[in-house]
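Student: My questions will all concern the structure given below.
The values are calculated or read from the model by the stated rules, or taken from the named source; none is laboratory data. Note that this is a predicted model, so its numbers are computed, not measured. With ideal geometry, Cβ positions are generated from the backbone for all residues, glycine too; neighbour counts draw on all protein chains shown. All accessible areas refer to the heavy atoms of the entire protein, side chains included, with ligands and DNA or RNA removed. Shrake-Rupley method; radii C 1.70, N 1.55, O 1.52, S 1.80 Å.
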Amino acid sequence: MSLELVCPAGNLPALKIAVDNGADCVYMGFKDNTNARAFAGLNFDQNSALEGVRYAHSKGAKVLLALNTFPQSDKWERWQGAVDNAVELGIDAIILADPGLMRYAARNYPKLRLHLSVQGSATNYEAINFYHEHFGVQRAVIPRVLSLAQVEHVVKNTPVEIELFGFGGLCVMVEGRCALSSYATGESPNTCGVCSPAKAVRWQKTPQGLESRLNGVLLDRYGDDENAGYPTLCKGRFEVNDETYYAIEEPTSLNTLEMLPEMLEMGIAAIKIEGRQRSPAYVEQVTKVWRAAIDSAKRAPKSYAVQPAWMAQLNKLAEGQQHTLGAYHRPWK
Amino acid sequence: MKLSLGPILYYWERDAVFNFYDEIANTPVDIVYLGETVCARRHLIGTSDWIQMAEKLADAGKEAVLSSLSLIESESDLKRLRRIAENGKFSVEANDMGAVHLLSAAKIPFVAGPHINTYNPQTLEMLAELGAKRWVMPVEMSREALSHMQATRPAGMETEVFAYGRLPLAFSARCFTARHYNLPKDDCQFKCLDFADGITLKTREGKPFLALNGIQTQSASVYNLIGEFDSMRETGVDIVRISPQGFHTADVIRLFRETMEGRLPVQEAVQQMARLMPDQACDGYWHGRPGIEQSYLQKAEDAA
C-alpha cells in the first residue's frame, strides 16, 4: 500500500510550495469558521481555492478540504454551502467531523470522497465503522491519543483507510472533545474553529515577569531568561497542590519520523503534517524532510534510519523546540 | 420536567459508591445514570455491580440508565461496551460513536450522551433515526442555540441539560492526576481515589480555574443553572441533570427539586447552595458567554 504525505496549506503560496516539494495531498480550509483553523489572514477564498485546485491537479497532487467544525444550529446553510462549493471546485475529498453534515454530503454527492476528521473523535474501530456504514467514509484521521499497537488493532478491524498525524503541534486532548477554550473565551474548535483565539490574548509586562492572559485568565508568567510561546490554554503553567508546573502539557511538537517503517508495515494510508497556521517556509521544510523520509522508508524499510539532518531541521521548526512521540509511544501516556 | 443524576465522574471507593446510591434511592430524583464514563483503569466497580445498583434504583422507582465510557480505545473497552449495550434491561447512554454504532445496529433505543457532538438539528435527526430517544446537550451549547435545536426536534425526542456540577470539558489519553504525581498512567496507583471532586488547578495568581480528574479536565467552578428553571422550561428542556459531587449531592438534589416545583424561592436556593458547592458557581455557557462567567449572580447584584 502506498503511504501518502498530506501537507497543510494555509494559503496559496503554502499550497504551491507543498506540492512542489512532494506532498501527495494538500489540505485547506475556506475563509470562515467551517474549518478548525479559522484564523484571520488564513485560508482560501473562491479564487485562491480555484487556483489551488488547478495547480495541485496539474502537478498530480490531490486537494482535501477541511470542513471539520460542527455546524452551529442556526447557521447550517454555511456548512452545507461549503460542501456544495467543494464539489464545484473539484476538491478530491472533504474532511468532516459532523455526522449531520456527513449525511448531507453522502446523500447529495454519493461520489464525493469523505474523510473523517480528527475532530470526529473516533478512537476505536466501532466508531470508525459507524461512519463507514452510514456515510461511506473512506478514510479516518485518528486522534493523537492511541498507542501504535492500538492503531494497528484499529487498522486490522476496519475497511477504512487510516491517516495518522506525523508532525506538528500536539493536542494533548482528544480532538473534538475539548471545550477548554470556550470555557475561558466563549470560542472553541468545535463551535468556532479556534482554540485560545488571538483576540482573547493579552501580554503584559509586570514586576513578576511577562504575563500571558486569555480573556483575563493568567496562563503563564515568564522570567527574562524564558522563551514565551503562544498562550494555548492547555500549555500554560498552573498551580496544583502548591506546585507550579506545566500541569497539562509542555509546549512541544509531535514527531514520529522514527516510526515510519512500522507505520508502513501496518498499512497506514497517510501521514498528516499539522500546521495550516504556519508559514510557507515551515511547509516547505517539513514537506521536504518527510518526502525524503517516506521515500527512504518505502525503498528500504529494513535499513531505514532517521537522518540526523532531518531531525535537526524538524527540531528547529518544532514548537518549544522539543519533540515527542506522543501517545504512539506508550510511556508518554 | 424531570430531574436526573448523571454518572459519577470521579473515582470513589467501592463502599462509598454503594452507600451513595443507597442514599440516592431516597432522594427526589427521577432518573439515575450509572457507570464509569471517564477512565477504563478504574476497576473497583464492575459492569455487574452497576447493573445490580441499577436494579435497586429501579426497585426504588427510579429510571436507571447505564452510561458508557467516553474514550474507548482498546478491545477490552469495547468488550465492556458490548456487555453494557446487550444488558437487555436498562437503556444505555452512549458517550461515543462506537456505542451509537453497537446500539443502533442492535436496534436498542439509547440516550445520546453529552459527549456525542450534537450541535445541529441534522445530527439530532440522524440520531433519532438510529434509535436515540433522548439527547444531552453539549455542555458548551447556549440557551439560544438550544432553542434552534428545539424548534425542529424530532417527535418523541427528550432534551436533557447538564445543569449542575463541575463541567466535564475535555478528555485526553493522558492522565493529569498521574502526571501530578510523576507517575506513568499505566501505574497511576489510582491517585484519583484521594480526590472526591478532582484536584483543583489554579492559575499562578491563585485563582481556581480547572479541576483534574484523571484523563478528564473539568471546570473548577460549578456550573449551576438552579436560577434558570424558567428559561429551561421556555426552551422546552425535559430533563435537568445534576452531576454527583463528593459531598452533599442529596442536598443539591433536594434544592433543585424544591426550586423546580416552586416551593423554594430561587434566591434562597442560591444562598443555601453556596455552602454545598466545592467551588464558586458559573453559568456562562447557558447565556452564550465564556463558560467560566457567572451571569445569574451578576444579574442579581445589578438588580440589588
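Student: If you average 1/r over all unlike Cα pairs in the range A:1-80 and invert the result, what Kirkwood radius do you get in angstrom?
Tutor: Working: mean 1/r = 0.0766 Å⁻¹.
Hydrodynamic radius (Kirkwood, Cα only) of the range A:1-80 equals 13.0 Å.
Student: So what is the relative contact order of the range B:1-72, in percent, for Cα pairs below 8 Å that sit 6 or more residues apart?
Tutor: Across the range B:1-72, relative contact order equals 39 percent.
Student: Taking only the C-alpha atoms, wrap a convex hull around the range B:145-213 and report its volume per residue in Å³ as a whole number.
Tutor: Value for the range B:145-213: 164 Å³ per residue.
Student: How long are the semi-axes of the equivalent ellipsoid of chain A, defined as square roots of 5 times the Cα gyration tensor eigenvalues? Whole Å, largest first. Don't jump to the answer; show the numbers that get you there.
Tutor: On the way: eigenvalues 178, 123, 81 Å².
With the √(5λ) rule applied to chain A, the semi-axes are 30, 25, 20 Å.
Student: Diagonalise the Cα gyration tensor of the range A:239-289 and give the resulting equivalent ellipsoid semi-axes, square root of 5 times each eigenvalue, largest first, whole Å.
Tutor: Three semi-axes, in Å: 31, 19, 9.
Student: Let me ask something else about it. Roughly what percent of Cα-Cα pairs across the range B:1-59 reach past 15 Å?
Tutor: 46 percent
Student: What does the range A:113-208 give for Rg and for Dmax, in Å, if only its C-alpha atoms count?
Tutor: In Å, with Rg to one decimal and Dmax whole: 16.7, 59.
Student: What percentage of all Cα-Cα pairs in the range A:163-275 are separated by more than 25 Å?
Tutor: 33 percent
Student: I would also like to ask the following. Would you kindly give the portion of the calculated P(r) for the range B:1-131 that falls above 26 Å, as a percent of all Cα pairs? It would help to have the intermediate numbers written out before the result.
Tutor: Numbers: 1601 of 8515 pairs.
Roughly 19 percent, once rounded to a whole number.
Student: Hey, another quick one. In debye, nearest 20: dipole of chain A around its Cα centre with unit charges on the Cβ of K, R (+) and D, E (-)?
Tutor: Magnitude of the dipole: close to 580 debye.
Student: For the range A:39-115, report the convex hull volume of the alpha-carbon atoms normalised per residue, in Å³, without decimals.
Tutor: In the range A:39-115, the Cα convex hull volume per residue is 97 Å³.
Student: With labels modelled as points extended 7 Å from the Cα through the Cβ direction, what inter-label distance (nm, one decimal) is found for residue B:276 paired with residue A:57?
Tutor: Taking the simple label geometry, residue B:276 and residue A:57 are separated by 6.3 nm.
Student: Determine the residues within the range B:64-92 where the difference in accessible area between the chain on its own and the full set of protein chains amounts to at least 10 Å²; count protein heavy atoms only and use a 1.4 Å probe.
Tutor: With the partner chains in place, the range B:64-92 has these residues losing at least 10 Å²: B:70, B:71, B:72, B:73, B:74, B:75, B:78, B:82.
Student: Of the heavy-atom accessible surface of chain B (probe 1.4 angstrom), what whole percent is carbon and sulfur?
Tutor: Within chain B, the accessible surface is 48 percent carbon and sulfur.
Student: Note down the Stokes-Einstein diffusion coefficient of the range B:105-199 in µm²/s, whole number, using a Kirkwood radius over alpha carbon pairs, 4 °C, and 1.567 mPa s.
Tutor: Estimated via Stokes-Einstein, D reaches 82 µm²/s.
Student: Translational diffusion coefficient, Stokes-Einstein: compute it for the protein assembly as shown using the Kirkwood radius over C-alpha pairs as Rh, at 4 °C and 1.567 mPa s, and state it as an integer in µm² s⁻¹.
Tutor: 52 µm²/s
Student: What is the interface area between chains A and B, defined as buried accessible area summed over both chains with a 1.4 Å probe, reported in Å² to the nearest 100?
Tutor: 5700 Å²
Student: To make sure I understand the rule: partners must be aspartates and glutamates, Cα under 15 Å from the Cα of residue B:191, and not fewer than 8 residues away in the same chain. Which ones qualify?
Tutor: Those aspartates and glutamates meeting the cut-off are B:13.
Student: Another one. Largest first and in whole Å, give the semi-axes of chain B's equivalent ellipsoid, each being the square root of 5 times a Cα gyration tensor eigenvalue.
Tutor: After diagonalising the Cα gyration tensor, the semi-axes are 27, 24, 19 Å.
Student: Something else now. Rg and Dmax of the range A:148-188, Cα atoms, in Å?
Tutor: Final numbers for Rg and Dmax: 14.5, 41 Å.
Student: Right, here's the next one. Treating cross-link reach as a plain straight distance, find the lysines whose alpha-carbon is under 18 Å from the alpha-carbon of residue B:133, omitting any fewer than eight places away in the same chain.
Tutor: Hits, sequence-local ones excluded: B:2, B:62, B:89, B:107.
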